[in-house]
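In what follows, a structure is listed as structure tokens, so that the remarks can point back to it.
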Amino acid sequence: MAPLLLQLVVLGAALAAAALVLISIVAFTTATKMPALHRHEEEKFFLNAKGQKETLPSIWDSPTKQLSVVVPSYNEEKRLPVMMDEALSYLEKRQKRDPAFTYEVIVVDDGSKDQTSKVAFKYCQKYGSDKVRVITLVKNRGKGGAIRMGIFSSRGEKILMADADGATKFPDVEKLEKGLNDLQPWPNQMAIACGSRAHLEKESIAQRSYFRTLLMYGFHFLVWFLCVKGIRDTQCGFKLFTREAASRTFSSLHVERWAFDVELLYIAQFFKIPIAEIAVNWTEIEGSKLVPFWSWLQMGKDLLFIRLRYLTGAWRLEQTRKMN
């Protein structure tokens, strides 16, 4: 009996090793190169409040604003106004309290099929194109790709990525700013503050099925085991970067869809960029584009492939690249 059990263990280990080798080969051979940083000709401009074309700036220019807010938007004509009203109300009040405070909001329409760009442009007309700008991508790139395009067109010393659904209360940006400042001194002026919903986990578990809870814990384990250590909530769409940290991490990003947050933090930890995780207020908003099981299955595959592609050398982290 014992020799048979030993044989089964050895066979199981051999099969697992073979499967890992096979998956590694697939990950290596299917690895895409880093997405091109070029823009389509139409994406090099934005429309000012008068509807005239103006050339977009570059993240490699010197900053001229204190804060840039990048809002990736795909078919968000219904949810975007709530988020924009809250954000701009806060930013305007803050500017009145402190006239030295300057900001911009960049809405990146990620190839939407609805009226997202038109809805966003109304805010440009109301507040002026120095404060609100709309970038309309020719085709859908994915959330990570849309955020990257916005970040590369930003003028802020600090850059905030914020979801179009308004799930996170916008004034919580002050919590992220404090978390960022507490990380000083920043190595090479780089630091990141991540909004986190981890403190709400017990409440969310009570509202979820056992199956969804199991999927959540499985995803968290894979994130920790494969890619990112020490960050409990990698997926919150409320993250604040110093300008230097944003250019370094997003210039090295390969994944442009749902798992981009994980690779982004993997890159940050590789470059030893300090990261603060800050509890924020968050409310689940209807209209999510994530389908729980299939989206998490896809993200699990992406996590495994991210790790294997870096381990096998299919992907390598490079110095910051400039956009053509």
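Details
- Placing +1 on the Cβ of every Lys and Arg and -1 on the Cβ of every Asp and Glu, with no other charges, gives segment 221-287 a dipole of roughly 340 debye about its Cα centre.
- Estimated at 0.36 nm per residue, the fully extended path between PHE270 and ALA198 surpasses their Cα-Cα distance by 23.6 nm.
- The alpha carbon convex hull volume per residue for segment 37-312 rounds to 130 Å³.
- Cα pair distances exceeding 17 angstrom across segment 144-193, given as percent: 47
- In the context of the full protein assembly, TRP60 retains an accessible surface of approximately 80 Å², using a probe radius of 1.4 Å and ignoring ligands and nucleic acids.
- Where labels lie 7 Å past Cα in the beta-carbon direction, separation of ASN281 and GLN298 in nm: 3.2
- Put a dot 7 Å past the Cα of ALA100, heading toward its Cβ, do the same for ARG232, and the two dots end up 3.6 nm apart.
- For segment 37-312, the carbon plus sulfur part of the accessible surface works out to 55%, probe radius 1.4 Å.
- Here LYS44 is the anchor, and the lysines within straight C-alpha reach of less than 24 Å, apart from those fewer than 8 places off in the same chain, are LYS33, LYS53, LYS65, LYS113, LYS118, LYS122, LYS126, LYS131, LYS139, LYS143, LYS158, LYS322.
- Its Cα centre serving as origin, segment 36-99 has a Cβ charge dipole (Lys and Arg +1, Asp and Glu -1) of approximately 260 debye.
- Over all distinct Cα-Cα pairs of segment 54-150, the Kirkwood formula returns a hydrodynamic radius of 13.8 Å.
The values are calculated or read from the model by the stated rules, or taken from the named source; none is laboratory data. For clarity, every value in this text was computed on a predicted model and none was experimentally measured. Here the Cβ is made from the backbone with ideal geometry for all residues, glycine too, and neighbour counts use every protein chain on show. Surface areas here come from the heavy atoms of the whole protein model, side chains and all, with no ligands, DNA or RNA. Shrake-Rupley method; radii C 1.70, N 1.55, O 1.52, S 1.80 Å.
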